[in-house]
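Scroll down for the structure; my scribbles are underneath it.
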Amino acid sequence: MATLNSITLWGILGLIGIAVPIIIHLLYRKNRKQTEWAAMELLRKALVMRSGQIKIEDFLVLALRCLAMLLIAAALLRPILNSGASKWLGEKHVGMVVAIDASLSMGHGEHSRFEKAIARAKQVLSTAREGDPVSVVLLSQNPEYIVRAADYEPAKVENLLNSKLTRPSPYPLALDANINLLSELAGELQSGTREVYLITDAQESDWDSLSGNSRETLREMTRETGFFVLPISTDGEGEENLSISSLNYASGPLQSSGVARFEAIVKNHGREVANGAGIEFWLGGKRTRKQEVGQIKPGDSQVIPYFANFNEPGDLSLEARLISNNDDLDADNARFAVVNIKESVRALCVDGSSSGAIGRNSRSAVYYAVRALRLKSSEPEAAMEVTQVSATDLPLERFDDFDIIVLANLGKPAPETVARLHGFTERGGGLIIFAGENFLPRPEENTGPNEHFSVGEGQEKTSLLPAILKEAKTAKNKAGWSLKIPDSDHPLAAIVKRLPEDIVNSARINRIIESEPAAESQVILRIAENNAPLLLARDIGAGSVLLFTTSADRSWNALAVHPLYAMLLQQAATTISSQPESRLTACGAQFKHRIQSKAKRLTVINPDGTSDTIRPDQIGETLNIELTAGVPGIYQYNDDKGIALTAVAANIDASESNVRVIASKSLEGQVDSIGLNVIDPGSSAADAIKSARRGSDLSSLLLLLAVLCFLVQSVIAKIFTKKISRGETDVAASLQLSQVAAARRT
């Protein structure tokens with residue numbers, strides 16, 4: 001037995017209701033008027049004969065009135081008999097939450113999984129009665145409500161479901177977050193019996209990674225709520241899918257007249273070998289290349305390189321399209337990217353060594369870095385504007401005149417300079433920092449670079465460095481340490497991974513500063529022998545900071561004269577100045593971006609050609625734009641004069657391309673301990689639900705009994721009153737009759 005409403009609240013009100021007729025009865029007796037009259041002594045004897053009978057009759061009427069009040073209070077509690085009770089014990093009203101998986105994977109199939117889920121939802125809703133509280137929600141990273149805690153109207157709900165029939169979302173399911181939502185929706189239902197139905201394709205990637213918190217939430221929910229999972233497909237049914245899982249910048253200059261390498265990764269998520277697919281590459285809205293993908297084994301991926309030529313500076317859109325005849329999920333057959341093409345990269349190289357000599361051929365701390373960036377070559381795409389200054393001249397430079405700033409062995413910059421460097425990075429600039437002897441604290445000093453590169457005070461204090469620097473460490477052997485083959489997906493790590501292993505091993509490091517990666521930083525390169533970080537990256541605002549824990553010259557390593565050194569610096573300059581990953585977002589995720597403009601309004605051109613006008617937040621000449629992409633594609637931002645300012649590429653979550661599902665029997669084994677019920681996709685959902693449904697609402701029955709009690713006490717009171725009046729003609733009987741009748745009417 002359970003109750004819908006509060007036992008404490010309605011229990012107190014019920015006791016008060018029962019007390020009312022008793023109090024009235026007692027007050028009536030207390031308020032009797034007594035008049036001394038000698039003749040009354042003769043009447044009292046006559047009254048004694050009838051008083052006992054009248055008291056019994058009064059107590060019977062009082063008991064019926066109290067019982068009626070008790071039944072009303074019990075009915076207001078809305079008690080539920082949690083058993084397979086017969087219909088005469090109460091009505092089987094039920095509050096339903098029908099949750100339909102509307103994630104991207106539900107679009108798979110000639111007759112999509114989503115269409116099957118809608119049909120399954122209609123079967124579930126057919127077991128509800130008109131007027132029952134119902135919530136119907138399309139689940140994804142951004143849930144969409146059909147109805148929420150509303151009285152069920154079959155025709156209205158069916159029309160709403162039909163309008164969503166062919167439109168699953170481009171978002172992932174976000175199962176963990178949505179389990180909390182289902183618990184909230186179930187709590188909103190004003191019904192004694194509550195049931196939750198999750199209709200899904202039971203994607204492996206969702207259920208295999210279900211968190212412990214979600215499992216505990218489900219256990220708590222199933223104590224008071226029936227929870228049913230309805231898979232709409234079986235294991236091995238319609239699981240073939242080929243997708244473009246990524247389209248990323250790999251290497252090369254992102255400059256006018258440059259050639260950069262991009263990589264599209266095509267993955268076979270199915271259980272059979274994929275053949276006959278092709279891929280097209282589009283640059284700036286024009287198709288520039290088409291090629292065959294070749295054979296891909298189940299679970300394997302194939303990297304398709306694409307070399308793009310750039311002629312003009314500005315944001316340029318790229319698209320890779322998959323062409324396949326045997327693919328039942330079209331939504332993941334396209335991938336988008338946006339890159340910022342620059343006229344040239346302007347670099348400021350700062351020599352932080354104690355020597356103030358700056359010369360073209362001097363072996364200053366920044367000498368090899370300058371040479372690697374300039375990279376003497378006849379090819380125009382290798383050109384880079386490099387300015388070299390000493391540490392003493394650094395405060396005189398306008399930082400916004402440069403795209404990147406390289407600090408070599410500058411261990412103790414002035415606080416004003418650090419604040420300017422922080423602002424430069426936040427606005428989108430790139431900062432490359434090399435360690436060196438000046439990073440080591442002097443005996444007379446207690447501070448080091450961790451304090452010297454920090455801005456702010458107290459809890460607001462932040463550091464420019466991507467790591468907490470510790471003590472210097474030197475290799476014991478003269479040959480030094482070698483580089484570890486990286487596992488990072490950063491473009492700088494990709495360069496090392498593409499080189500032959502013997503070339504990578506020949507790049508030797510003799511000394512580094514030990515470091516502990518800071519929060520939200522990324523380790524790109526490590527030392528092979530001790531796994532110590534060599535190169536780290538961190539985003540600050542719209543910009544990035546790279547930290548080499550070794551020096552920029554030959555004093556601490558032989559890397560400065562190795563071919564890899566120039567490749568790393570060239571790639572670093574391109575990556576942190578153009579930031580090819582900064583214009584990418586996922587559908588459904590909130591994206592924030594800063595651009596330089598004085599425009600008061602911006603026009604957003606959506607992938608389907610429609611446009612919206614927005615008013616972004618403005619700080620000086622910086623605009624903060626926000627985007628939550630509803631569909632994949634390129635979102636173009638123009639100012640109020642129609643001039644293109646920036647573009648953003650939105651893509652689907654690659655995990656949704658894995659359309660493999662868990663068989664219903666396997667799923668049942670996974671969730672049985674939680675208390676979930678799995679309804680096999682081959683069975684009738686309506687029949688399974690009706691046979692499993694428990695709980696009868698007794699409130700209507702109790703109210704009916706309360707009304708009957710009132711009627712019975714009224715009839716009995718009238719009968720007893722008439723019975724007294726028959727045959728009684730003396731004064732005593734008349735007086736008693738008037739008193740009893742008045743009391744019973746009350």
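The values are calculated or read from the model by the stated rules, or taken from the named source; none is laboratory data. It should be emphasised that the depicted structure is a prediction, and the values quoted were computed from it without experimental measurement. No Cβ is skipped: glycine too gets one built from the backbone with ideal geometry, and neighbour counts run over all protein chains shown.
Observations on the structure shown:
- Screening the range 672-700 for residues that are of a type in the set (A, V, I, L, M, F, W, C) and at pLDDT below 75 and picking the one that is nearest to T225 (Cα to Cα) gives A692.
- Filter result for the condition that a residue is within 27 Å of D539 (Cβ to Cβ) and under 23 Å from the mean Cα position of the chain (by Cα), over A650, A644: A650
- Among the candidates N325, N333, N268, residue that is of a type outside the set (D, E), more than 24 Å from I634 (Cα to Cα) and at pLDDT 90 or above: N268
- Every residue from the range 211-232 that is of a type outside the set (A, V, I, L, M, F, W, C), in a loop (DSSP other than H, G, I, E, B) and within 18 Å of Y197 (Cβ to Cβ): R223, E224, T225
- Condition check for R223 on (1) modelled with pLDDT of 90 or more; (2) among the basic types (K, R); (3) under 27 Å from the mean Cα position of the chain (by Cα): one failure, at (1).
- Near pairs, Cβ below 6 angstrom, 6+ apart or cross-chain, from the range 594-613 (outside the structural domain of Q636 (by TED's automatic domain parsing) and of a type in the set (S, T, Y)) to any residue that is at pLDDT 90 or above and outside any loop (DSSP other than H, G, I, E, B): none
- Check on V61, surrounded by 15 or more Cβ atoms within 10 Å (Cβ to Cβ), on the phi < 0 side of the Ramachandran plot, β-branched (V, I, T) and modelled with pLDDT under 90: yes
- Annotation: S390 fulfils all but one of (1) among the small types (G, A, S); (2) at pLDDT below 90; (3) surrounded by fewer than 22 Cβ atoms within 10 Å (Cβ to Cβ); the unmet one is (2).
- Among (1) surrounded by fewer than 22 Cβ atoms within 10 Å (Cβ to Cβ); (2) among the hydroxyl-bearing types (S, T, Y); (3) in contact with a helix residue (DSSP H, G or I) (Cβ under 9 Å, 6 or more places away or on another chain); (4) part of a strand (DSSP E or B) - the single one Y565 does not satisfy: (4)
- Residues in the range 277-304 that are touching an Asp or Glu at 6+ places or on another chain (Cβ under 8 Å) and in a loop (DSSP other than H, G, I, E, B): A277, P298.
Conditions tested, residue by residue: (1) in the same structural domain as L247 (by TED's automatic domain parsing); (2) crowded, with 20+ Cβ neighbours inside 10 Å; (3) in a helix (DSSP H, G or I); (4) of a type outside the set (S, T, N, Q).
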residue: N446; (1), (2), (3), (4): no, no, no, no
residue: N450; (1), (2), (3), (4): no, no, yes, no
residue: Q459; (1), (2), (3), (4): no, no, yes, no
residue: I468; (1), (2), (3), (4): no, no, no, yes
residue: K478; (1), (2), (3), (4): no, no, no, yes
residue: I485; (1), (2), (3), (4): no, no, no, yes
residue: S488; (1), (2), (3), (4): no, no, no, no
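- Given (1) under 17 Å from T200 (Cβ atoms); (2) surrounded by fewer than 18 Cβ atoms within 10 Å (Cβ to Cβ); (3) not acidic (D, E), number of the condition M106 does not satisfy: (2)
- The residue that is nearest to Q579 (Cα to Cα), among those in the range 282-315 that are within 32 Å of the chain's Cα centre (by Cα) and touching a residue at least 40 places away in the same chain (Cβ under 8 Å), is D315.
- Where R261 falls short, out of the listed (1) within 30 Å of E240 (Cβ to Cβ); (2) surrounded by 14 or more Cβ atoms within 10 Å (Cβ to Cβ): (1)
- Check on S463, closer than 30 Å to R346 by Cβ, of a type in the set (S, T, Y) and crowded, with 19+ Cβ neighbours inside 10 Å: yes
- A Cβ distance below 9 Å, combined with a sequence gap of six or more or placement on separate chains, defines the contacts here; from the range 620-632, residues that are acidic (D, E) reach residues that are assigned to a strand (DSSP E or B) in the pairs E621/Q596; E626/Q590; E626/F591; E626/K592; E626/H593; E626/I614; E626/D617.
- Looking only at the range 106-146, residues that are in a strand (DSSP E or B) and either under 18 Å from N178 (Cβ atoms) or among the β-branched types (V, I, T) (or both) come to 9 in all.
- Residue in the range 229-244 that is buried (at least 19 other Cβ atoms within 10 Å of the Cβ) and in contact with a Pro (Cβ under 6 Å, 6 or more places away or on another chain) present: yes
- Inclusion of A73 among residues that are at pLDDT 60 or above, assigned by TED's automatic domain parsing to the domain that holds L161, surrounded by 18 or more Cβ atoms within 10 Å (Cβ to Cβ) and not β-branched (V, I, T) is not warranted.
- If you go through the range 511-526 and keep only what is of a type in the set (A, V, I, L, M, F, W, C), within 22 Å of N438 (Cβ to Cβ) and either surrounded by fewer than 16 Cβ atoms within 10 Å (Cβ to Cβ) or more than 32 Å from the chain's Cα centre (by Cα) (or both), you end up with I512, I513.
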